[in-house]
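Visitor: Could you have a look at this structure, given as structure tokens, before my questions?
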Amino acid sequence: MNRYFLTLAPLAFVMASCETSTVVSGGSFDPLATPGSTRTPTASARGLKPGSFVQASMETAFFKGRPSGSSTAEKMLPANTEMKVINDDGSYAKVELTSGEVGFVPSVLIGNQGAQSQVSPNAIQVYPAAPGSIPPVVDPGAPTIAPVIDPDAPMVVPENVPDVPPVPDAGPAPLPPGNEAPVER
């Protein structure tokens, strides 16, 4: 009985390992292709459609060829520079300037000309206004803070200085568990 088991076990293993299903030989995946060579451009998440006219939302780098690695920009485009989108892959947009130059700019630094930004009436601007933007409304009765602190100005001491008792010295702080100094015996 034991001899039949020793014969049937390898036979069952061989039969189980035989190919009984269909071989899939189709598809576009090539395991020998270099990484990234089969990558297709993604659709732009910002909606920059080819043929649309846009402008630089701030000073923007302009590259003659698609930048990679540590590419340096050929020039800097000033804010609100008008351009026409040729193609956008989500990271860089290929654009044509009004001068006819074609190059690449970062997609995140491009804005639609017709887009109006919605600003909350309760918004407070804490940084300087961008060039060409609407200046913030300032309450003339509100106190202002001096923009520059004069180091030679006299020190103003408040009249009511509270008496604060000194903090008693509690000694050295205990070490966290597991970091105690070894005990000498």
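The values are calculated or read from the model by the stated rules, or taken from the named source; none is laboratory data. Being a predicted model, the structure only gives us computed values, none of them experimental. Glycine also receives a Cβ, built like all others from the backbone with ideal geometry; neighbour counts cover every protein chain displayed. Just so you know, the surface numbers come from the protein's heavy atoms only, side chains and all, with ligands and any DNA or RNA stripped out. Shrake-Rupley method; radii C 1.70, N 1.55, O 1.52, S 1.80 Å.
Visitor: Calculate the dipole size of region 53-103 relative to its Cα centre from +1 charges on Lys and Arg beta carbons and -1 charges on Asp and Glu beta carbons; express the result in debye to the nearest 20.
Guide: Here the size comes out at about 120 debye.
Visitor: Follow-up. Between residue 7 and residue 32, take the C-beta separation as r, use R0 = 41 Å, and let me know the FRET efficiency to the nearest 0.05.
Guide: With a Förster radius of 41 Å, E is 0.45.
Visitor: Okay, moving on. Please list the non-local residues whose amide H lies under 5 Å from the amide H of residue 87, H modeled 1.01 Å from N, same-chain partners needing a gap of 5 or more.
Guide: Here 94 satisfy the definition.
Visitor: Next question, about the same structure. I need two numbers for region 72-112: Rg to one decimal and Dmax as a whole number, Cα atoms only, in Å.
Guide: In Å, with Rg to one decimal and Dmax whole: 9.5, 26.
Visitor: Could you pull out every residue, at least 5 positions away or on a different chain, whose amide H is within less than 5 Å of the one on residue 81? Hs are placed 1.01 Å off N in the peptide plane, and Pro or chain starts have none.
Guide: Residues meeting the criterion, in which the H sits 1.01 Å from N, are 56.
Visitor: Still on this structure, please answer the following. For 137, 148, 54, write out the residues from largest to smallest accessible area, computed with a 1.4 angstrom probe and no ligands counted.
Guide: Numbers: 137 145, 148 115, 54 0 Å².
Most to least solvent-accessible, the answer reads 137, 148, 54.
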